[in-house]
1. Collect the residues in segment 113-130 that are under 30 Å from V192 (Cα atoms) and within 18 Å of the chain's Cα centre (by Cα), keeping them in residue-number order.
2. Out of everything in segment 67-118 that is in a strand (DSSP E or B) and free of Cβ contacts under 8 Å to residues at least 60 places away in the same chain, what residue ends up being surrounded by the fewest Cβ atoms within 10 Å (Cβ to Cβ)?
3. Every residue in segment 291-316 that is crowded, with 24+ Cβ neighbours inside 10 Å and among the aliphatic types (A, V, I, L, M), please.
4. Assess whether D167 counts as being open to solvent by 50 Å² or more (accessible area, probe 1.4 Å), among the acidic types (D, E) and without any contact (Cβ under 8 Å) to a residue 60 or more places away in the chain.
5. Taking segment 41-61 as the search range and keeping residues that are part of a loop (DSSP other than H, G, I, E, B) and at negative phi, which one is surrounded by the most Cβ atoms within 10 Å (Cβ to Cβ)?
6. Looking at (1) touching a Cys at 6+ places or on another chain (Cβ under 8 Å); (2) open to solvent by 20 Å² or more (accessible area, probe 1.4 Å), which is the only condition D253 fails?
7. Tell me which residues, restricted to segment 13-24, are open to solvent by 10 Å² or more (accessible area, probe 1.4 Å) and not in a loop (DSSP other than H, G, I, E, B).
8. When you look at G175, is it among the small types (G, A, S) and open to solvent by 10 Å² or more (accessible area, probe 1.4 Å), yes or no?
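The values are calculated or read from the model by the stated rules, or taken from the named source; none is laboratory data. Quantities reported herein were computed from a predicted structural model and do not represent experimental measurements. Glycine also receives a Cβ, built like all others from the backbone with ideal geometry; neighbour counts cover every protein chain displayed. Quick note on the areas: whole protein, heavy atoms, side chains included, nothing else; ligands and nucleic acids left out. Shrake-Rupley method; radii C 1.70, N 1.55, O 1.52, S 1.80 Å.
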Amino acid sequence: MPDVRPPERPPAHAVREADWRRAVELVRDAGEVALVCHVAPDGDALGSMLGFGMALRRAGKRVAASFGDRRFAVPRLLRFLPGQELLAEPAAYPAEPELMISFDAPTVDRLGLLAPNAGKARELIVVDHHPSNTGFGTVQLVDSSAASTSMLVEELMARLGLGVDRDIATCLYTGLVTDTGSFRHSSTTPAVHEMAARLVATGLRTDEIARELWDRSPFAYLKILAAALDRVTLDERAAGGLGLVWTFVTSADRAAYCLPYDECEGIIDVIRRTDEPDVAVVLKEDDDGAWQVSTRSKGQVDVGRACTALGGGGHVRAAGFTSHDSPEETMARFRSLIGPST
């Protein structure tokens, strides 16, 4: 019979060994660990935090977990994730944590209301994979070659001797599949599939996770998608002739159908399918009147560099930023910064 055991986890090399050792020491010595992920959490941010939080709790640690949104709510697409009993609103979060760990946040500003708490933490371990990470915190477990933050979390758990059960695996797998676009993005390496094999071996249901993430939406989403497609614009001269397609969704659009902001995340995945342009952009007006800008590239344009210059961040092919200007003014600023990657 062939050997069907999951392959061994390869070692992580991009993070300094001294930082791995220091992170392990801090976590082992801590009685309580305060966990935080970036505002408006996606699957990798929330999945990484909850998965690690459950592992710590099962090891006998006290755990506080949160994210710094003013309107504190888990996005509907992620409400299937286990471990949400660990979550507390920002007001209930430790003001001066002894040990704080952030997940998937490239800058301290992305911690929102909990950025001041991070500034007062005695030790702050930063677990992240964004190239735009600013190097904040006292210990950096940052590897921009990792496909997801959850890959670094799995490595940290292994070094701590923490086991992975089905619930933890569900969280880490969600981080892995969301940040690799269900294994479609160029970040999908052999190590990604090897990690997926280890997680699937715990008995998690990949079909159920896929349905929750990609195969369901309220009827109102179709109306908002129709409005966004009706106003979509193709600029084939932008980005040095590589082309740009973009659209926007207003808060009034959503209010007409009582659609929450986080239900609009999938629009960028429709827009970016357009053959002609290299770059796709969707601007979504949030409940506070700010525009949350999502950008994607097919690879010739570094959207991460442009978004970082505009106060955001991300990766070469997927990044975002916040704007308080009109969609037209925002796009004018963005256009001035994009061009072919060198």
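1. I125, V126, V127, D128, H129, H130
2. Pass one, segment 67-118, residues in a strand (DSSP E or B): 67, 87, 99-103.
Next cut, free of Cβ contacts under 8 Å to residues at least 60 places away in the same chain only: 67, 87.
Values: F67: 29, L87: 18.
Among residues in segment 67-118 that are in a strand (DSSP E or B) and free of Cβ contacts under 8 Å to residues at least 60 places away in the same chain, the one surrounded by the fewest Cβ atoms within 10 Å (Cβ to Cβ) is L87.
3. V293, V301, V303, A306
4. Values: open to solvent by 50 Å² or more (accessible area, probe 1.4 Å): yes; among the acidic types (D, E): yes; without any contact (Cβ under 8 Å) to a residue 60 or more places away in the chain: no.
No; evaluated as a whole, the condition is false for this residue.
5. As a first pass, look at segment 41-61 and keep what is part of a loop (DSSP other than H, G, I, E, B): 41-42, 59-61.
Now narrow it down to the ones that are at negative phi: 41-42, 59, 61.
Values: P41: 24, D42: 19, A59: 15, K61: 17.
Going through the qualifying residues, I end up with P41.
6. Of everything listed in (1) touching a Cys at 6+ places or on another chain (Cβ under 8 Å); (2) open to solvent by 20 Å² or more (accessible area, probe 1.4 Å), D253 misses just condition (1).
7. The answer is E17, A18, D19, R21, R22, V24.
8. Details: among the small types (G, A, S): yes; open to solvent by 10 Å² or more (accessible area, probe 1.4 Å): no.
Here the answer is no, as G175 does not meet what is asked.
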